[in-house]
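These notes concern the structure reproduced below.
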Amino acid sequence: MKIFSPTPHTPHPTPHFLNACLTGVRLLLAIALLWIATRLRNPLFADVRAWAFWLALALSLGLLIGEFVICKTSKSKIHHRLNWAILTLALLGFLTLTGSELKFLWTKHRVLHAESQPLEKLGHHFMVGYRNFDEIKELVERRAIGGVFITARNIQRQTKSAIQTEIQTLQTIRRNQGLPPLWIATDQEGGIVSRFSPPLTRLPALATIPTNQKQVTRYARVHGQELSEVGVNVNFAPVVDLNKGVVNSQDKFSKIYQRAISADPEVVARVALWYCQTLQEYGVHCTAKHFPGLGSVQTDTHLESAELSQPIAKLEREDWVPFRALMNQPQAFVMVGHAKLTAIDADHPVSFSKSVISDLLRNSWNYDGVLVTDDFCMQAVYASREGLQTASIEALNAGVDLILISYDSDLFYETMNALLQADKTNQLSDQQLKISRSRLEQHRTSQS
């Protein structure tokens, strides 16, 4: 007699196993939502913040409700404890998310409804980017800023005429207020950093241009004429950092080796000088960047702190040669970066270092031109020991003229609110602000 064995089969997962898996998924979701809630206001999340907030809020609320129901019906003691832990995490995430958003909205409200006199006084020292034209228009109407930064996201699929109309709208508001023109700035370096191309002509990097005056002038005329036509009066170019050949896989944004003109400081100085002089013919201010020089800096200030550890004597012979050359040009701006110049101040980024800004540039070098910071949204400032608020106070007190907040415009409200409070409590130097205001007005004369 032949005996047939039963057909083998895969056992179905038990309800206990499925419940354990679902509990684990919910726990991971609660942890992820809490992580997002604590970081969503970081400028690194600016691109996704709008939709990420509502998604995280909906998930947190759904998890809260679902977990509360499960906690009430669960009979397993072990699962009961886990469910309450998930419920607690979900509640923390929900409260953190809503709390940070309410805090931002309240800060924004306070700034937009602040007294007009201090708002205007401090607003002269801000250059702000935007994601919504109506929002930047409101800041101009409130006299809350002195300049606007325009980048690729603001002009996507727009014609030159449309861009010009938007800029003219903002400048008309200023003119009707009896105020001097806004600084309208962009990054139109050529090469990989060409924020206005398209619709403006896309040119190769300055490093690819023959280093003779005729070729550089022809190149600069394209930038000067086209920027002037649409209403831009400040170009954050040229990059005068030296090309030290530093290539770092962790460098996601700076990429100085692709943007620098040359490794030779004399060549950089000549090319930059010709470029700036040509831009000025069209009423466009150039900007030497990024002091004290990022050519040999190993890390990316967009993402982390950085140090320039070269001796002063070496910097004087090399990195600072083009900066000193352009500082002799009355209409050239200088952008101060966020690397720490360790030979002078190992504790603070240059952008808000009194030892570098006030003692070196203003007093020792007698530089009386406009100093604008690199974007204060960068992690080298935002995540610094001092933080954004203290950094902004120290920058103005040190002698910086313009604080740039370009990538995450939400940070403007936090920064301005801090300065308004500092102004009330006499933490800001009135003398420095008056000197800076005079300096800005003097440079604006050619734009009127």
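The values are calculated or read from the model by the stated rules, or taken from the named source; none is laboratory data. This is a predicted model, so every value here is computed, not measured. Cβ atoms come from the backbone with ideal geometry, glycine included; neighbour counts cover every protein chain shown. Note: areas computed on protein heavy atoms with side chains; ligands, DNA, RNA excluded. Shrake-Rupley method; radii C 1.70, N 1.55, O 1.52, S 1.80 Å.
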Exercise. Extension gain THR98-ASN328, at 0.36 nm per residue separation less the Cα-Cα distance, in nm?
Worked result: 77.7 nm
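Checking the table LYS289/LYS354; LYS354/LYS434; LYS289/LYS314; LYS255/LYS434; LYS121/LYS354; LYS108/LYS340 against a 27 Å threshold on Cα-Cα, which pairs fail? Don't skip to the answer; put the middle values down first.
Numbers: LYS289/LYS354 19 Å; LYS354/LYS434 17 Å; LYS289/LYS314 18 Å; LYS255/LYS434 37 Å; LYS121/LYS354 22 Å; LYS108/LYS340 31 Å.
Over 27 Å apart, Cα to Cα: LYS255/LYS434; LYS108/LYS340.
On the protein heavy atoms, probe 1.4 angstrom, tell me the percent of accessible surface of the chain carried by carbon and sulfur.
On the way: 11620 of 20650 Å².
For the chain, the apolar C and S fraction of the accessible surface comes to 56 percent.
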Seminar exercise, completed: Length gained, SER161-ALA58, 0.36 nm per residue minus C-alpha separation, equals 33.0 nm
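How long are the three semi-axes of the equivalent ellipsoid of the chain, in whole Å, if each is the root of 5 times an eigenvalue of the C-alpha gyration tensor, listed from largest down?
Details: eigenvalues 465, 147, 100 Å².
Listed largest to smallest, the semi-axes of the chain are 48, 27, 22 Å.
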For this session: Compute the whole-percent fraction of alpha carbon pairs in the stretch 295-346 spaced more than 19 Å apart.
Result: 34
For this session: Send over a whole-number figure in Å² for the accessible area per residue of the chain, probe 1.4 Å.
Result: 46
For this session: Just the ratio, please: alpha-carbon radius of gyration of the stretch 52-158 over 2.2 N^0.38 Å, N its number of residues.
Result: 1.68
Exercise. Spin-label point model (7 Å from Cα, Cβ direction): what's the TRP51 to GLN442 distance in nm?
Worked result: 4.9
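Taking loop as defined by DSSP and a crowding limit of 14 other beta carbons within 10 Å, which trypsin sites (Lys or Arg not before Pro) in the stretch 138-172 fit? Mind dumping the intermediate values first?
Values: sites: ARG142, ARG143, ARG153, ARG157, LYS160; in loops: ARG142, ARG143, ARG157.
Filter output for the stretch 138-172: ARG157.
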For this session: Enumerate the amide H contacts of HIS285 below 5 Å, restricted to partners 5 or more residues apart or on another chain; note that Pro and chain-start residues carry no placed amide H.
Result: VAL234, ASN235
For this session: Would you please state the base-10 log of I(q)/I(0) at q = 0.10, 0.14 1/Å for the stretch 354-448, with intensities from the Debye formula using one equal scatterer on every alpha carbon?
Result: -0.27, -0.54
For this session: Rank-order 105-118, 404-417, 387-400 by packing density, defined as the average count of other C-beta atoms within 10 Å over each peptide's residues, highest first.
Result: 404-417, 387-400, 105-118
